[in-house]
Amino acid sequence: MTAKHHSRHSEHEKVYHRPPPGSAPGTLITDPNAAQPRMEVIAYGPDNFVRQSIKDVDEVKAFRDKWPVTWVNVDGVGDARTIERLGAMFHLHPLALEDVVNVHQRAKLESYRDQHFIVIRMMSLNEHVETEQVSMFLAEGVVLTFQEKPGDCFDPVRERIRSGVQRMRTSGADYLAYALLDAVVDACYPLLEAFGERLDTLQDEVLELGSRRTILKVHDAKRDLRVLRRAVWPMRELFNSLYRDPLPYISDETRVYFRDCYDHTIQVMDLVETYREISSDLTDVYLSSVSNRMNEIMKVLTVISTVFMPLTFVAGIYGMNFDTSRSPWNMPELKWYLGYPFALGLMVLCVLAMLLFFRRRGWIGGGAPKDKDPPA
């Protein structure tokens, strides 16, 4: 998929512009930061095709009257006047036009008297997962698409129209609509493949480092997966309707192809759910690794404290002020020639005995002792 330009807001912080409460239905209020429209027309028939950028809406009429299939693509929804003029030319419903400029829509299908309105979300992976609304109108011999900004995943479809291979040139506008929607779904696979590699890298980092920065990366991945799920989940209902419901301007032949889109959507959903489970598992692994590391630290500190307990006991005894001249029982070893080495040796012996005991119990060194073989 062609890389998108970084938007002003991330997907998690995007600000949506909606009409004020109480506005009349069909009110078009565009985002002042939205890209200005750039229009392109691709018109074709069985024997030829033409691709041309246009600057004025009125230029579309010449293509529509001459060619069997006309695809008008508009990059940018920042000019309400252009959208209104296109709506008047193709008799688009005002409610659908309102959804075109309000780019927070979920994937859906709405049928009107002489057109179908389809919304789908196109995904791209930059620093985070970003989704872009693609609005599509399907009518007799016409496909009209609106994108939020330039750059899309439709280049393979354009190439198929240019080369005239397969059945693109000999089919109607409904097959073109299928090809565009299928391109959006297929573009999810490379993105999910890259996301899978990202999770593999995070898994290695969690197991090796388990740092705070790593867990922040895991949380970022979980947020991206929520974005993916919100974008992909409604597609199932969209393609199910396109496949199962008999609709005007969509032939029975093309409906079979929408079933393939439905199957691909289910596969994408399964991958997203699998990755969500993996990301949740990574969080559990991180918490477990932190807990294990804390346990190791506490074990070391406990061993050190326990080893020093008898040393403190011995040093405390020999630090007591008894007068040996009063009684032969008042610490006679204070009079010994080797009393000091004896005290140090006793301390060393205590330490070695305790370390050997800890090791035999499996608390340090080689781990827990192996279980004995059960009696025959």
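List of remarks:
- Accessible area expressed per residue, the chain, with surrounding protein chains retained (probe 1.4 Å, Å²): 56 Å²
- Which of Ile83, Met354, Ala35, positive extreme of dipole for the chain (C-beta unit charges): Met354
- Distance from the Cα centroid of the stretch 269-299 to that of the stretch 214-235 is 17 Å (rounded to whole angstrom).
- For the chain, the antiparallel share of DSSP beta bridges with both residues in that region comes to about 85%.
- Extended-chain gain in nm, criterion 0.36 nm per residue less alpha-carbon gap, Arg212 and Thr283: 24.4 nm
- Computed from the C-beta positions of Gln166 and Asn33 and an R0 of 25 Å, the FRET efficiency is 0.05 to the nearest 0.05.
- Extension reserve of the Glu140-Asp260 stretch, reckoned as 0.36 nm per residue once the Cα distance is removed: 40.9 nm
- Here the stretch 72-168 has an Rg and Dmax of 14.1, 42 Å, counting Cα atoms alone.
- Cα→Cβ-extended label distance, 7 Å offset, between Leu301 and Ala62, nm: 8.1 nm
- Over all projection directions, the Cα-based convex hull of the stretch 115-174 averages an area of 4.8 nm².
- Normalised by the number of residues in the chain, the mean separation of alpha-carbon contacts (under 8 Å, six or more apart) gives a relative contact order of 13 percent.
- Considering all C-alpha pairs of the chain, those separated by over 26 Å amount to 65%.
- Accessible surface of the chain [probe 1.4 Å, protein heavy atoms]: carbon and sulfur percent: 55 percent
- Nonlocal Lys pairs with alpha-carbon distance under 25 Å, the chain (8 or more apart, or different chains): 16
- Relative contact order of the stretch 106-166, defined on C-alpha pairs under 8 angstrom at six or more residues apart (%): 22 percent
- Charge context of Arg64, other residues only, Cβ under 13 angstrom, K/R +1, D/E -1: -2
- What you get for the chain, charging only the Cβ of Lys and Arg (+1) and of Asp and Glu (-1), is a dipole of about 1320 debye around the Cα centre.
- Note on the stretch 89-165 and the stretch 342-366: Cα centroid distance 75 Å, given to the nearest whole angstrom.
- Cβ-placed point charges (K, R +1; D, E -1), dipole of the stretch 205-322 about Cα centre in debye, nearest 20: 560 debye
- Dipole of the stretch 265-309, positive direction: furthest Cα of Tyr286, Thr306, Thr274, with charges on the beta-carbon: Thr306
- Unit charges on C-beta of K, R, D, E only; dipole of the stretch 243-292, Debye: 100 debye
- FRET E, pair Arg276, Tyr340, Förster distance 56 Å, beta-carbon r, rounded to 0.05: 0.25
The values are calculated or read from the model by the stated rules, or taken from the named source; none is laboratory data. What you see is a predicted model; the values in this text were computed from it and never measured. All Cβ positions, glycine included, derive from the backbone under ideal geometry; neighbour counts span all protein chains shown. Keep in mind that these areas ignore ligands, DNA and RNA; they rest on the heavy atoms of the full protein, side chains included. Shrake-Rupley method; radii C 1.70, N 1.55, O 1.52, S 1.80 Å.
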